[in-house]
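Report on one structure; see the data block that follows.
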Amino acid sequence: MRRHLKIRAFEHGMDIQDAAEHAIKAWYETEGLAEVDTEGAKTWGTFLPVGEPERFKAACARRGVTYVQGLAQALTLWLEGHPSPSAPLVKQPVVRVIVANQKGGVGKTFVSSGIAQALAEAGHRVLLVDYDPQGHLTAELGFEDLMYEDGVETLMMHMDGTARGDIHDLLVALDEDVFGGRLHLLPASDDAFLRDVALSKVSFSEAALERALEPLEEDYDVIIIDGPPSLGLNMDTALYYVRRREGELEDRSGVITPVWANRACHRAVRLLKAQKDDLCAKGRIQIDYLGLIINAYDSRRGKLVQNNRTEWDKSSSPPVLAVIGDLKESREAADGQVPLLVYVPDSEHAQVMRDLAKELAV
């Protein structure tokens, strides 16, 4: 609902704070509203005028509803009264998302691939970029041989300006029927291990990935980057690419981070966030943190695991978008080099990916 509100407010030339104020005002004046399903709702906040939170809470108490229910009713009322204009105020750029965590093994490839598959299944044109030098995404989708081809240009060559061909020639399609020809992969290459060194010699290196991918953007609705397992210039270029562009909606493009319910991931997220914030400050840009995904969660692993998940759940910036259980299907699909939504389309993992895709496709 928060994402719907932000987008609808933008379409009407408002910010989310103004829309929330108008929504609550209309709620005061409207009785007998139907209950809104708030199960699984994510925590979020916005500023209200001085004294307004207390007035709203008192009104909720008089109506016998929780604060969450009262707010959900108000926002639903506002959304129903403010449909999308027939034409958007500002044309939006392609959605750009990096799935990032410099800590290895937390599920970046699994999440990147799964969300991309679900978006393509739903009818969106999607480009997956394997930006991890290890090439796990490329291998798990059955294209490992492409990483070691001789005499072909690579993404790195398009980033440093030495390529002479068309970057479209690097793409391969996932030809399973469920994707309808809408899902393409830009594979990893073995020169990616030298990317940090090569980028140090490139002028305005932060924009190198953007310059390379720009010719592809009109062909896709969403571009998802499977991020590198390290911090540095390599990460800076990917973070810069998903920055909020002029006129782009807040929380439309940005960063998603898979984590485990352990202390090491808490530290890893702090380091990644510090790099993102430093890049924003120095480049005077805005990079939206779309959320966290708790991966491979199993409460049977003990109290510490449960406590770490609770700590993640308290985070509202970035929020937790989903919790994915530690199930075998994703490993089997990867080992068999079969896309998850082809191997187990009705699995719990597949459904989580579809739910995440809906978040991104709003």
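The values are calculated or read from the model by the stated rules, or taken from the named source; none is laboratory data. All figures in this text were calculated on a predicted structure; none of them were measured in a lab. Ideal geometry is used to build each Cβ from the backbone, glycine not excepted, and the neighbour counts take in all protein chains shown. Each accessible area value is taken on the protein alone, full model and side chains, heavy atoms only, with ligands, DNA and RNA left out. Shrake-Rupley method; radii C 1.70, N 1.55, O 1.52, S 1.80 Å.
Descriptive notes on the structure:
- Residue in segment 38-53 that is closer than 25 Å to SER317 by Cβ, out of contact with any Pro (no Cβ under 7 Å at 6 or more places or on another chain), at pLDDT 90 or above and surrounded by 15 or more Cβ atoms within 10 Å (Cβ to Cβ) present: no
- The C-beta contact set for segment 80-99 (first residue hydrophobic (A, V, I, L, M, F, W, C), second residue modelled with pLDDT under 80 and exposed (fewer than 12 other Cβ atoms within 10 Å of the Cβ), distance under 9 angstrom, 6+ apart or interchain) comprises LEU89/GLY13.
- Here segment 329-352 is the region considered, the condition is being closer than 15 Å to PHE143 by Cβ and not aliphatic (A, V, I, L, M), and the residue that is most open to solvent (accessible area, probe 1.4 Å) is GLN337.
- Residue identified as among the acidic types (Asp, Glu), farther than 23 Å from LEU292 by Cβ and buried (at least 21 other Cβ atoms within 10 Å of the Cβ) among GLU140, GLU149, GLU121: GLU121
- Complete set of residues in segment 239-267 that are in a helix (DSSP H, G or I), open to solvent by less than 10 Å² (accessible area, probe 1.4 Å) and out of contact with any helix residue (DSSP H, G or I) (no Cβ under 6 Å at 6 or more places or on another chain): CYS265
- Of all residues making up segment 88-147, the number that are outside any helix (DSSP H, G or I), more than 18 Å from the chain's Cα centre (by Cα) and acidic (Asp, Glu): 0
- Any hit, segment 309-318, residues being within 15 Å of ALA100 (Cβ to Cβ) and open to solvent by 60 Å² or more (accessible area, probe 1.4 Å): no
- Tally of residues being in contact with a Ser or Thr (Cβ under 9 Å, 6 or more places away or on another chain) and aliphatic (A, V, I, L, M) across segment 188-197: 2
- Residue count for segment 209-238 under the criterion of being open to solvent by less than 10 Å² (accessible area, probe 1.4 Å), in contact with an Asp or Glu (Cβ under 7 Å, 6 or more places away or on another chain) and assigned to a helix (DSSP H, G or I): the result is 2.
- Hits in segment 343-361 (condition: out of contact with any helix residue (DSSP H, G or I) (no Cβ under 6 Å at 6 or more places or on another chain) and either among the aromatic types (Phe, Trp, Tyr) or more than 17 Å from TRP260 (Cβ to Cβ) (or both)): PRO345, ASP346, GLU348, GLN351, ASP355, LYS358, GLU359, LEU360, ALA361
- Cross-chain or 6+ apart pairs with Cβ under 6 Å, segment 297-325 first and touching a residue at least 60 places away in the same chain (Cβ under 8 Å), then open to solvent by less than 50 Å² (accessible area, probe 1.4 Å) and part of a helix (DSSP H, G or I): VAL320/TRP312; ILE324/VAL352
- Boolean, CYS265 is touching a strand residue (DSSP E or B) at 6+ places or on another chain (Cβ under 9 Å) and under 26 Å from GLY232 (Cβ atoms): yes
- The residues of segment 289-308 that are under 19 Å from the mean Cα position of the chain (by Cα), among the small types (Gly, Ala, Ser) and open to solvent by 20 Å² or more (accessible area, probe 1.4 Å) amount to a single one, ALA296.
- Residue match in segment 63-75 (condition: among the aliphatic types (A, V, I, L, M), open to solvent by 20 Å² or more (accessible area, probe 1.4 Å) and closer than 27 Å to TRP312 by Cβ): yes
- All positions within segment 160-185 that are modelled with pLDDT of 95 or more, in contact with a helix residue (DSSP H, G or I) (Cβ under 6 Å, 6 or more places away or on another chain) and not in a loop (DSSP other than H, G, I, E, B): ILE167, VAL178, PHE179, LEU183
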